[in-house]
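Below is one structure, written out as structure tokens; the observations come after it.
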Amino acid sequence: IPSVSNIVPESCLLIVVGLLVGGLIKGVGEKPPILKSNIFFLFLLPPIILDAGYFLPLRQFTENLGTILIFAVVGTLWNAFFLGGLMYAVCQLGGPGLNHIGLLANLLFGSIISAVDPVAVLAVFEEIHINELLHILVFGESLLNDAVTVVLYHLFEEFANFEQVTIIDIILGFLSFFVVSLGGVFVGVIYGVIAAFTSRFTSHIRVIEPLFVFLYSYMAYLSAELFHLSGIMALIASGVVMRPYVEANISHKSHTTIKYFLKMWSSVSETLIFIFLGVSTVAGNHYWNWTFVISTLLFCLIARVLGVLVLTWFINKFRIVKLTPKDQFIIAYGGLRGAIAFSLCYLLDYKHFGMRDMFLTAIITVIFFTVFVQGMTIRPLVDLLAVKKKQETKRSINEEIHTQFLDHLLTGIEDICGHYGHHHWKDKLNRFNKKYVKKCLIAGERSKEPQLIAFYHKMEMKQAIELVESGGIGKIPSAVSTVSIQNINPKTLPVARILPALSKDKEEEIRKILRNNLQKTRQRLRSYNRHTLVADPYEEAWNQMLLRRQKARQLEQKMNNYLTVPAHKLDSPTMSRARIGSDPLAYEPKADSENLPIITIDPASPQSPESVDLMNEEPKGCGGLPPSPEEDEEGLVMRVKEPSSPGTDDVFTPGTGDSPSNQRMLRCLSDPGPRPEPEEGEPFIPKGQ
């Protein structure tokens, strides 16, 4: 019934089914089954966590790891102690029914109820298709807060048995957090590496390849739980570590089997957990205390909201992509509680915790409120606030390449700045992985070639095989290389299409060269320091050569422009000045050019064209001969300016040659502004001036 499941989340419907089944069993006089903690922790929880860990979006997870850890560790500790302290105050003020509950019991209750549940978060967030950032923040927090919950749970359970708790016990309890979390990760990594190494040798027994993934993952979980380490973190670590190497070694069918079997297994476990929650609610012993239950629910919500607001204010100081108020609301609202809290509470011993039934009642109330009220209203709230949704389409190869390019670029920028950020360490890890780990854990040539090229080879082989099977060898698509087709079916081609065949060794050598040089980047990273810069001896000579080339190119461009000017048109004064300024000695008019003007330069000052006056400019009759004094009126004569007498102003005192026409000419040379063109046949400067 899609119309119902669009409004009510699947988890709510399953709890309702459980309540109906439990009521039916009780109605016929039988005792309904209760969700026992051993069954939950050993059989129902591992498939869900393995599915989440194996298909974890690693890029988003690692990029937001700092934020996730702050929410998971600091946020959970805040929730546990804030809730436990306030509940202890409520118990002291709440009357005779609650007075006997001590501080340690309340702190234990706070640690159980404070953790966000991964099963409930997955069930709700998968349906509303929230964007990747918010999904990974809430889901990552629910996965990683397991270590905090386990430590606090066992710590307060042990402290309840002590007569007196000392400072040393508290310090050891604090250190046990690191042992539990890092120990769980270490166990998971060990089993992940073993699974990857085993998959290297399964090429002849493809049928049992999926079994190793499930077997080693479950072994990691059991080994961690055996030593009271975090089993959830062990499962996540083993899934994350083994996946890239296992998928490179196993066949495509095995990969499909692992994917769908994990999805089916986790879906079945999720269904059973929520149904059992409903049944256990009907079957269990309950002790209802209005004050305790309502206070628990209220303080849970207050602690979550306050924790998210304060932590986000702190986190946003260090984040580039800030968490907006909408994001903060969704993170606070998405803190759902689930079956882990119920099972942990069910594990409590009646001897030390006589109030277990009241704790269970309060926990079930909180679970029902978060799953039903928050789970049902989060979808319309996401639509109402217009929170960004997840992109349903897969990224194109173009986007993948640009993402890799930006990663390399940011690594290079960090390298130049001498700042060792997460891109630098990620690059270091990738190099170590490529150089050493892949060679040990991935079989054959697949350990060496980049993923994009490996994918291309796979596509190429697939297309070639389809081509051969269909018999259309004549129509070769552009994506398939002739070499690959010759390897599959060495059929003689028409004479016009025959290409020189490459031997296997030659082809392998070419591929090796390409592989080694395609992604070669600088191996050693140096930090930038202006004091240790070494001067390059060739740098100055190189700069000089570049300048010379640039000048030669500009001169050539100018000469080309001059040559394209029609012969009968006169040069403008600006053009004449540019020619003289570029190289006055090199410029000589051609002997056969009858109509070009001839510029005569005083040899005493060849390099200072600014110190001459232009007297007249008209085409000469003689081509290239020095002008005679009689031809002064016809030719273009340049004379050195006479030095001004002392005490006179060069600018404002008119000289002997400072006639209005000469001043106009000089102004044109220095600042050629817009002026009317001379009429046809009229000389540029009138004669006799």
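Structure data summary
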quantity: Unique residue being open to solvent by less than 40 Å² (accessible area, probe 1.4 Å) and either assigned to a helix (DSSP H, G or I) or charged (D, E, K, R) (or both) when the list is L19, L14, L24; calculated: L14
quantity: Qualifying positions in the range 311-320 - in contact (Cβ under 8 Å) with a residue 60 or more places away in the chain and open to solvent by less than 90 Å² (accessible area, probe 1.4 Å); calculated: L311, I315, R319
quantity: Qualifying residue in the range 326-347 (condition: more than 14 Å from T67 (Cβ to Cβ), of a type outside the set (S, T, N, Q), part of a loop (DSSP other than H, G, I, E, B) and open to solvent by 20 Å² or more (accessible area, probe 1.4 Å)); calculated: yes
quantity: Which numbered condition I364 fails, given (1) open to solvent by 20 Å² or more (accessible area, probe 1.4 Å); (2) assigned by the TED database to the domain that holds E126; (3) in a helix (DSSP H, G or I); calculated: (1)
quantity: Qualifying residue in the range 71-88 (condition: over 16 Å from R304 (Cα atoms), open to solvent by 10 Å² or more (accessible area, probe 1.4 Å) and out of contact with any Cys (no Cβ under 8 Å at 6 or more places or on another chain)); calculated: yes
quantity: Residue pairs meeting the criteria (Cβ under 7 Å; at least 6 apart or on separate chains; first in contact (Cβ under 8 Å) with a residue 24 or more places away in the chain, in the range 329-357; second of a type in the set (D, E, K, R) and not in a helix (DSSP H, G or I)); calculated: L336/D117; R337/D117; G338/D117; A339/D117; I340/D117; A341/D117
quantity: Index of the failed condition, S223 passing every other in (1) touching a residue at least 40 places away in the same chain (Cβ under 8 Å); (2) open to solvent by less than 30 Å² (accessible area, probe 1.4 Å); calculated: (1)
quantity: Within the range 75-110, tally of residues that are assigned to a helix (DSSP H, G or I), among the β-branched types (V, I, T) and touching a Phe, Trp or Tyr at 6+ places or on another chain (Cβ under 9 Å); calculated: 1
quantity: Number of the exception - L35 against (1) open to solvent by 10 Å² or more (accessible area, probe 1.4 Å); (2) in a loop (DSSP other than H, G, I, E, B); calculated: (1)
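The values are calculated or read from the model by the stated rules, or taken from the named source; none is laboratory data. Nothing here was measured: the structure is a model prediction, and the numbers come from that model. Note that we place each Cβ from the backbone using ideal geometry, even for glycine, and neighbour counts take in every protein chain shown. Note: accessible area is taken over every heavy atom of the protein model, side chains too, but ligands, DNA and RNA are not part of it. Shrake-Rupley method; radii C 1.70, N 1.55, O 1.52, S 1.80 Å.
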